[in-house]
Each structure stands twice: as C-alpha cells, then as structure tokens.
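Asker: Please read through the structure below; I'll follow up with questions.
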Amino acid sequence: MANMTKNDLYARNPSRDLEKFAVATVTAWIEDRGAVFDTSDGHDPDFRIEYYDGRLGLGEVGWHEDSAIREMWANTFRRPRHQVIDLHGDAGTWSLGLVAGANIKALYRDLPSFVDELISNGTDRFDVYQQWPRGPVGDTARRLGIEYIARYDPLGESVAIYFMPSQGGALIPADSDAVASWIESVLDDPRYADTTEKLLAREADERHVFLMTGSLTEFGIEELLRRAPDGLPTRQLHVRTGITHVWSMPQFAAPEAFATLWTARGWAAVPLPDPS
C-alpha cells in the first residue's frame, strides 16, 4: 500500500490491512456526502456506504495475490536476514530463484549443505525443471522449490540471496487501457467470483469493487497504476451489470499515490489517504 514496504504488508494481517485501507480511501472520497462503515468481520460485503440523501453503497475488496507466495513472504520476514541465507565456509555469493510454494523454512535449513554439494561437484549454476535433471541433486532442488541457482561472486560474502517467483511483464504497456484489461481479467477469474457475487446478491444503489495489485499482477500494470493520474485509461470498462464503481491501486507506492476509479462517467484519480 502507499508508503508501505513488503515487510510492513506481509508481517501483519495483510488482507485485514487492505480492507481497512480501502475503507479509509472511500471515506476520504465520500467527504461530507455520507459515512463509510467497515463490515468485513461478518458475511456481508467488506464495507457499507450510507449516503445522507438515503442512497446505499456496498463494497468488496480483492487482492490480486498468490496465497502461496504470500506465505513465502510471511515466512521470509520471520527471519533475521530477509531473503539472505548464510552459507558454509568460503562458498562465495549465490543467487537463486524460487517457485511458488517453496518451503522457506526448509530452504534456510538445507540450502547451505546443498550449495556445498554443488561446489564439490564443480557446479556454479544449476537450472531445474519439473522432471529434469534427474538424480539426487535435482530432486533436492525441486524439494526446496529452487528454479535456478548460480554463484555470481566466488570471492564475495558467503551467502545466498533468493528471489520470489515473478509474474513477468517487465515492460510497461504503452497504452494505459491495459489497466482496464487487467481489471476485467481479474473479475473474470473464477478465484475472484465471490468479489462480485457477494455484491450482486444484495440490493444497493452502488456496488464498489476495490482491487489492489499483488504477486499475480504483472510489473507493467503495477507501474501504470503508480503513475495515475498522469495516464488514466480511456476506454469503457466491461464489468457485470450492477457493478457501478471499480477502484484499483498499486500495492506499493509513494505517499502521494492515487487510486484509479472507474464509474459510468469515466475514469478518475483519487488521492490515497495517509496509510498511518
């Protein structure tokens, strides 16, 4: 969230923090037109807007996050050195990439011995695929969730630095309408069906969906959302009938960040409140 680090987000209850931040954002946007209530503790949608003119709004919050990667980050931040594992002797500095669901506890425990084995075999880089290479070294790498491992500085500090799975998309789309396509793909994803179903099952004048990027989101989309209001989408958003407002925001952003809001009137950038 705005001005938050990964440590802040994953060390606490991130889903609950997001719900609270969504309520604060919508409250700031409503100003003196009504009141916003956090209703995320029960079976109702996550927030409720009671306008002073009698209208009712309901909202549901979604985080575009892979639960397996979220657990990996949570386990990482329980360690004294985040994403850094001390190795034996003069092993040098290694880097490795992980697959979703890698066992972080086992990685910290077993990686030093695994690197010792690579060194004894004269191996400075080892790439891992689902079924190859076969044998004890490949099997151990797959058990630890290693996608690749390489020594990039033989004389450097004796540590291994690991990287979480990436969704790719390093290039930033030239067209800001890519944000609209991303929103549509998320809301069409069966994993997020409840985000709209819960709203559409209830009577309301407004139905708000509030989305935040996460580990399932390509870097380019995250970056476009960081750049609002400089490049808002322009095309009509195609969502299920009855959804009146769609909010989207980057997971990590500067204090002066904005949320991107779509309504039937078009797109707007809404300043995010102070995360404190």
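Coordinate-derived values only; no laboratory data. Note that the structure is a prediction, hence the values are computed from the model and not measured. Here Cβ is always computed from backbone atoms with ideal geometry, including for glycine, and neighbour counts include all displayed protein chains.
Asker: Can you give the helix-only mean residue ellipticity at 222 nm for the chain, where every DSSP H stretch with n ≥ 4 adds -39500 (n - 2.57) and the sum goes over all residues, rounded to the nearest 500 deg cm²/dmol?
Answerer: Result for the chain: -9500 deg cm²/dmol, rounded to the nearest 500.
Asker: Treat every Asp and Glu Cβ in the stretch 83-154 as -1 and every Lys and Arg Cβ as +1, leave all other atoms uncharged, and give the resulting dipole magnitude about the Cα centre to the nearest 20 debye.
Answerer: For this selection, approximately 300 debye.
Asker: Sticking with this one: What's the angle, to the nearest 10 degrees (0 to 90), between helix 67-76's Cα axis and the longest principal axis of the chain?
Answerer: For 67-76 against the chain, the angle is about 60 degrees.
Asker: In degrees from 0 to 90, rounded to the nearest 10, what is the angle of the helix 14-30 Cα long axis to the longest principal axis of the chain?
Answerer: 30
Asker: Around residue 211, which amide H atoms from residues at least 5 apart in sequence, or from another chain, sit under 5 Å from its own amide H, with H modelled in the peptide plane?
Answerer: Correct list: 62, 247, 248, 249.
Asker: Could you tell me which residue out of 103, 47, 233 lies farthest along the dipole of the chain toward its positive end? Charges go on the beta carbon: Lys and Arg +1, Asp and Glu -1, centred on the Cα centre.
Answerer: Result: 103, furthest along the dipole toward the positive end.
Asker: For the chain, what is the relative contact order in percent, using Cα pairs closer than 8 Å and at least 6 residues apart in sequence?
Answerer: Once normalised by length, the contact order is 23 percent.
Asker: What ranking do 258-270, 23-35, 130-142, 54-66 get when scored by the average of other Cβ atoms within 10 Å per residue, highest first?
Answerer: Highest-to-lowest ranking by the protection proxy: 54-66, 258-270, 23-35, 130-142.
Asker: Next up: Given Cα pairs under 8 Å that are at least 6 residues apart, what percent is the relative contact order of the stretch 69-163?
Answerer: 50
Asker: Another one. Post the alpha-carbon centroid distance, the stretch 256-270 to the stretch 121-148, in whole angstrom.
Answerer: 46
Asker: Going by alpha carbons, how many degrees (0 to 90, nearest 10) lie between the helix axis of 178-188 and the longest principal axis of the chain?
Answerer: Approximately 90 degrees, to the nearest ten.
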